[in-house]
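Remarks on the structure that follows.
The values are calculated or read from the model by the stated rules, or taken from the named source; none is laboratory data. Treat the numbers as computed from the prediction; the structure is a model and nothing was measured. For neighbour counting, all protein chains shown are included, and Cβ atoms are generated from backbone atoms with ideal geometry for every residue, glycine included. In case anyone asks, the SASA skips ligands and DNA or RNA and just uses the protein heavy atoms, side chains included. Shrake-Rupley method; radii C 1.70, N 1.55, O 1.52, S 1.80 Å.
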Amino acid sequence: MKRSWRQATALFGGLAAIAIIIGLPFWWVVTGSIKLPREIIQRQPTMFPHSFTLQHFEKLLQASDFPIYLLNSVIVALFSTAFTVLMALPAAYAFFRMEFPGRNTLYRTILLAYAFPGVVVLIPLYGLFAKVGLIDSPAALVIVNVALALPFSIWMMRSFLATVPREIEEAAVVDGAPTTTILVRILMPLIAPGIASVAIFAFISSWTEYLFASVLIVSDARRTIPVGFAGIIGQYQIDWGLLLAGATAAIVPVVILFALVGRWFVSGLTEGAVK
Amino acid sequence: MSKTGKGPGKGDKIVKLTRLFTAAGFAALLLSGTAYADPVKLTLWHMEQPPHRVQRMQELLDEFNKGHPDIEVRQEPQSWGEVYAKAPAAFAAGNGPDLLFTIPDFTTVLKKIDAVVPVDDLAKDLDAKHGFVPATIAPYKYDDHVWAIPAYNMAISLWYRNSALKNAGIEVPKTWSEWQAAAEKLGGDGRYGIGLPANKQLYTDQTVYSLMVNSGAADIYKDDGSIDFDKPETVKAYDFYSKLAKLSPADNASWTWGEAEACFASNTCGMILQFSVINTYDTQAEGDAADLGVAAVPHDDGQKESATISYSNAIMLTTKDKAKQDAAKVFLAWLLEPANYGRFLTMEPGLFLPVTNDGAKADSFWSDKVVTKYKPQIETMIANSQNGKLFGFTTGKVFPSIGAISAQNLIAETLQHIVVDGQSAADAVKAGQAKMADIAKK
């Protein structure tokens with residue numbers, strides 16, 4: 001379809017406006033992190049830095065435990081992502097293909113669990129983890145993150161499985177392939193974009209999780225970025241440069257992840273959306 | 001005696017020697033047991049998370065642990081944002097800390113769940129030795145006990161630039177009418193005469209209460225525990241605050257401490273109410289000590305002197321283990337020794353104020369380079385803090401509902417009804433009274 005110049009202008013104008021609205025805060029944070037402290041807080045904010053310094057990053061990496069928080073976050077997020085994907089895939093397949101009593105009810109109930117506010121279970125969960133010695137353990141965060149991400153991941157994964165023609169599975173069954181082989185050898189490659197989408201969803205959920213990480217982790221050396229970073233910033237006296245440098249450093253792993261699998265993520269979203 | 005009755009025989013000697021060696025062996029075992037016994041381990045939770053504070057605390061702990069081989073104190077920094085939920089959960093699960101930093105309303109929360117141990121004797125001894133500033137220990141003295149040992153004080157003051165006042169031809173305001181006139185004169189040309197918050201947040205609670213104590217509305221409870229918020233003095237404070245809020249930046253409804261400090265440091269706000277701006281002013285603004293002005297919060301024209309809000313931060317004993325309690329008392333006594341105490345306070349120089357009389361004179365405090373540079377300002381801050389009060393802790397009686405009133409920021413919420421919703425001060429205070437009374441009933 002050919003657009004008129006008015007339509008094209010409106011379209012690009014709209015896209016540019018959206019890009020600015022989304023991109024401006026990132027620009028502000030990233031450029032602010034390399035400005036001198038006085039420029040950051042000056043009365044007339046500068047869109048482009050008039051000064052350049054890496055002092056905030058130096059302070060972040062040398063005088064704070066940020067590198068430890070970063071490592072903890074990466075470990076927790078990677079394990080959470082791996083377990084979420086490993087559990088969501090067979091669960092979604094079971095809901096999609098297998099026949100068992102109460103399948104639809106159970107499927108809907110799982111989604112209900114996703115809507116359940118986490119704060120309600122915070123204190124009971126603390127008591128439970130304390131009993132089994134999981135307080136102050138990254139394993140506790142992985143368990144919580146998987147539990148939080150799994151319902152929606154199963155729902156997403158089931159939608160992706162629904163895009164695979166049944167004939168492909170039937171052909172594999174005719175050739176004598178067992179269920180595990182069908183899932184691993186046939187379906188997994190076909191819904192790879194969907195798996196990437198679920199993985200990114202699980203990774204970001206874990207990366208940004210604050211509530212449980214703030215309560216279940218006690219020692220400084222085991223904190224993840226959101227919690228550790230909140231402490232670095234301070235309450236009464238804020239070091240704005242440190243805050244901006246930390247925010248910039250915190251988004252780097254997510255940006256790298258998107259750079260690697262972003263294309264799959266987008267195609268995964270569209271494939272999952274249409275049957 | 002030998003069986004024959006002729007004095008000690010060979011067998012008796014062997015028995016005696018055996019007994020002697022056995023006794024000596026036991027003694028040696030006991031002694032070696034003492035010498036190599038594990039130290040009493042204490043876990044300290046504090047909410048001083050910024051890296052430089054954690055580092056200073058660790059330096060102090062290392063020094064203490066080295067000098068006291070039988071005690072080992074370990075820090076676990078927490079956040080004020082979560083500790084209200086985290087600490088009760090930790091105590092319920094049996095893995096709470098042995099020592100816990102606190103502010104007055106947090107103590108009421110933990111006292112309610114029986115997690116706090118009174119420290120009457122220690123407080124008495126330390127008071128006799130160092131002399132607590134009365135305003136700092138008063139919020140922890142109720143129900144016939146002392147519930148925490150004061151550690152450092154924070155009091156709100158009025159901050160300004162001497163040059164700005166001089167250029168505007170005005171004196172440091174002492175009364176509300178002078179204050180309003182100064183704020184009006186300092187504003188203009190893209191600057192605001194004053195920067196006061198109007199957020200539903202603790203900072204606004206603090207700044208509003210700073211005005212309430214200066215209009216005679218310091219007590220929000222009556223002796224019987226009923227709410228005493230709705231009175232002409234309170235309405236007067238809110239009414240005046242709303243006038244000053246109009247002279248503040250328009251985004252003040254989202255401010256916390258950091259935004260106000262940035263506004264002052266960037267010279268956008270002529271005056272602010274803050275615990276301290278020294279660190280930010282020194283590192284992110286001019287850093288000219290001679291130009292930084294600090295004064296007591298101005299008082300209502302009808303009042304005689306200024307008061308302020310002060311937060312006495314303290315340390316609670318939260319272990320039921322007797323050996324740990326004794327060890328914790330040794331640590332607390334060590335911390336308040338003037339030689340150590342100044343270094344504890346200067347973990348955040350220019351913010352944490354001494355709670356003891358000898359701490360206020362300690363070389364370890366005044367020798368810090370930031371404290372030295374801003375000595376006149378810090379002396380003024382200390383003087384202001386002597387007349388500090390805290391909502392809910394002014395009558396000598398403490399009622400548990402103050403925890404919920406504080407947590408729900410009802411003082412700030414009342415201000416928002418005026419500044420954001422456009423209600424009159426009288427109506428907003430009336431609504432605030434009703435809400436507080438509801439909480440007090442529960």
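State whether the residues of segment B:248-260 include one that is within 12 Å of another protein chain (Cβ to nearest Cβ), under 19 Å from B:Ser163 (Cβ atoms) and assigned to a loop (DSSP other than H, G, I, E, B). No, segment B:248-260 has no match at all. Restricting B:Leu345, B:Leu351 to those that are open to solvent by less than 10 Å² (accessible area, probe 1.4 Å) and closer than 14 Å to B:Ser310 by Cβ reduces the list to B:Leu351.
Taking helices (runs of 4 or more DSSP H) as the structural unit, those lying wholly within segment A:167-255 and holding at least 2 residues that are more than 17 Å from the chain's Cα centre (by Cα) and at the interface with chain B (Cβ under 10 Å from one of its Cβ atoms) correspond to A:211-216, A:225-233.
The set of residues in segment B:147-167 that are in contact (Cβ under 8 Å) with a residue 60 or more places away in the chain and outside any strand (DSSP E or B) comprises B:Trp147, B:Ala148, B:Ile156, B:Asn162, B:Ser163, B:Ala164, B:Leu165. Looking at segment B:311-429, the helices (runs of 4 or more DSSP H) lying wholly inside it that each contain 3 or more residues that are more than 16 Å from the chain's Cα centre (by Cα) and under 30 Å from B:Leu61 (Cβ atoms) sit at B:322-335, B:338-345, B:363-366, B:369-373, B:375-385.
Based on this model, can you work out whether B:Gln386 counts as in contact with a helix residue (DSSP H, G or I) (Cβ under 8 Å, 6 or more places away or on another chain), within 28 Å of B:Leu247 (Cβ to Cβ) and not charged (D, E, K, R)?
Working: in contact with a helix residue (DSSP H, G or I) (Cβ under 8 Å, 6 or more places away or on another chain): yes; within 28 Å of B:Leu247 (Cβ to Cβ): no; not charged (D, E, K, R): yes.
No: the conditions fail for B:Gln386.
For segment B:396-403, check the following and say yes or no: at least one residue is surrounded by fewer than 22 Cβ atoms within 10 Å (Cβ to Cβ), under 30 Å from B:Ala128 (Cβ atoms) and touching a Lys or Arg at 6+ places or on another chain (Cβ under 8 Å). Within segment B:396-403, one or more residues are surrounded by fewer than 22 Cβ atoms within 10 Å (Cβ to Cβ), under 30 Å from B:Ala128 (Cβ atoms) and touching a Lys or Arg at 6+ places or on another chain (Cβ under 8 Å). Would you be able to say whether some residue in segment B:293-310 is open to solvent by 20 Å² or more (accessible area, probe 1.4 Å), closer than 14 Å to B:Ala155 by Cα and away from chain A (no Cβ under 14 Å)? Yes, segment B:293-310 contains at least one residue that is open to solvent by 20 Å² or more (accessible area, probe 1.4 Å), closer than 14 Å to B:Ala155 by Cα and away from chain A (no Cβ under 14 Å).
Scanning segment B:268-283 for residues that are β-branched (Val, Ile, Thr) and at the interface with chain A (Cβ under 7 Å from one of its Cβ atoms) yields B:Thr268, B:Thr280, B:Thr283. Applying a threshold of 6 Å to beta carbon distances and a minimum spacing of six or more residues, or different chains, the list of pairs starting in segment A:130-148 at a residue that is in contact (Cβ under 8 Å) with a residue 40 or more places away in the chain and ending at one that is aromatic (Phe, Trp, Tyr) reads A:Ile135/A:Phe129; A:Ala140/A:Phe129; A:Val142/A:Phe79; A:Val144/A:Phe212; A:Val146/A:Phe83. The set of residues in segment A:132-148 being of a type outside the set (Val, Ile, Thr), in a helix (DSSP H, G or I) and within 22 Å of A:Gly228 (Cα to Cα) consists of A:Pro138, A:Ala139, A:Ala140, A:Leu141, A:Asn145, A:Leu148. Criterion first (open to solvent by less than 20 Å² (accessible area, probe 1.4 Å) and either in a helix (DSSP H, G or I) or closer than 26 Å to B:Thr380 by Cβ (or both)) does B:Phe229 satisfy it? For B:Phe229, the condition - open to solvent by less than 20 Å² (accessible area, probe 1.4 Å) and either in a helix (DSSP H, G or I) or closer than 26 Å to B:Thr380 by Cβ (or both) - is not met. Residue under question is B:Gly187, and the condition is that it be touching a residue at least 12 places away in the same chain (Cβ under 8 Å), of a type in the set (Gly, Ala, Ser), under 21 Å from B:Ala250 (Cα atoms) and open to solvent by less than 10 Å² (accessible area, probe 1.4 Å); does it hold? No; evaluated as a whole, the condition is false for this residue. Selection within segment B:70-110: residues that are more than 16 Å from the chain's Cα centre (by Cα) and in a strand (DSSP E or B). The member of this set that is farthest from the other protein chains (Cβ to nearest Cβ) is B:Ile71.
Look at (1) surrounded by fewer than 20 Cβ atoms within 10 Å (Cβ to Cβ); (2) among the hydrophobic types (A, V, I, L, M, F, W, C); (3) within 14 Å of chain B (Cβ to nearest Cβ) and you find that A:Ala139 fails only one, number (3). Inside segment B:48-69, residues that are within 14 Å of another protein chain (Cβ to nearest Cβ), in contact (Cβ under 8 Å) with a residue 40 or more places away in the chain and hydrophobic (A, V, I, L, M, F, W, C) make up a count of 1.
Could you tell me whether A:Tyr107 is at pLDDT below 90, under 22 Å from the mean Cα position of the chain (by Cα) and more than 12 Å from chain B (Cβ to nearest Cβ)?
Values: at pLDDT below 90: yes; under 22 Å from the mean Cα position of the chain (by Cα): no; more than 12 Å from chain B (Cβ to nearest Cβ): yes.
No.
Pick from A:Ile18, A:Ile22, A:Ile68, A:Ile40: which is within 14 Å of chain B (Cβ to nearest Cβ) and under 25 Å from the mean Cα position of the chain (by Cα)? Write out each step before concluding.
Numbers: A:Ile18 fails: within 14 Å of chain B (Cβ to nearest Cβ); A:Ile22 fails: within 14 Å of chain B (Cβ to nearest Cβ); A:Ile40 fails: under 25 Å from the mean Cα position of the chain (by Cα).
Among A:Ile18, A:Ile22, A:Ile68, A:Ile40, only A:Ile68 is within 14 Å of chain B (Cβ to nearest Cβ) and under 25 Å from the mean Cα position of the chain (by Cα).
Which residues, counting only those in segment B:262-310, are modelled with pLDDT of 95 or more, among the hydroxyl-bearing types (Ser, Thr, Tyr) and assigned to a strand (DSSP E or B)? B:Thr308, the sole residue that qualifies.
Considering only segment B:32-41, I want to know if a residue exists there that is at pLDDT 90 or above and not charged (D, E, K, R).
First, pick out the residues of segment B:32-41 that are at pLDDT 90 or above: B:39-41.
From what is left, the residues that are not charged (D, E, K, R) are B:39-40.
Yes, segment B:32-41 has at least one match.
Residues of segment B:404-429 that are surrounded by 18 or more Cβ atoms within 10 Å (Cβ to Cβ) and hydrophobic (A, V, I, L, M, F, W, C): B:Ile405, B:Leu410, B:Ile411, B:Ala412, B:Leu415, B:Ile418, B:Val419, B:Ala425, B:Ala428, B:Val429. Identify, by number, the condition in (1) touching a Ser or Thr at 6+ places or on another chain (Cβ under 6 Å); (2) buried (at least 23 other Cβ atoms within 10 Å of the Cβ); (3) within 23 Å of B:Tyr152 (Cα to Cα) that B:Ala237 doesn't meet. Among (1) touching a Ser or Thr at 6+ places or on another chain (Cβ under 6 Å); (2) buried (at least 23 other Cβ atoms within 10 Å of the Cβ); (3) within 23 Å of B:Tyr152 (Cα to Cα), B:Ala237 violates only (3).
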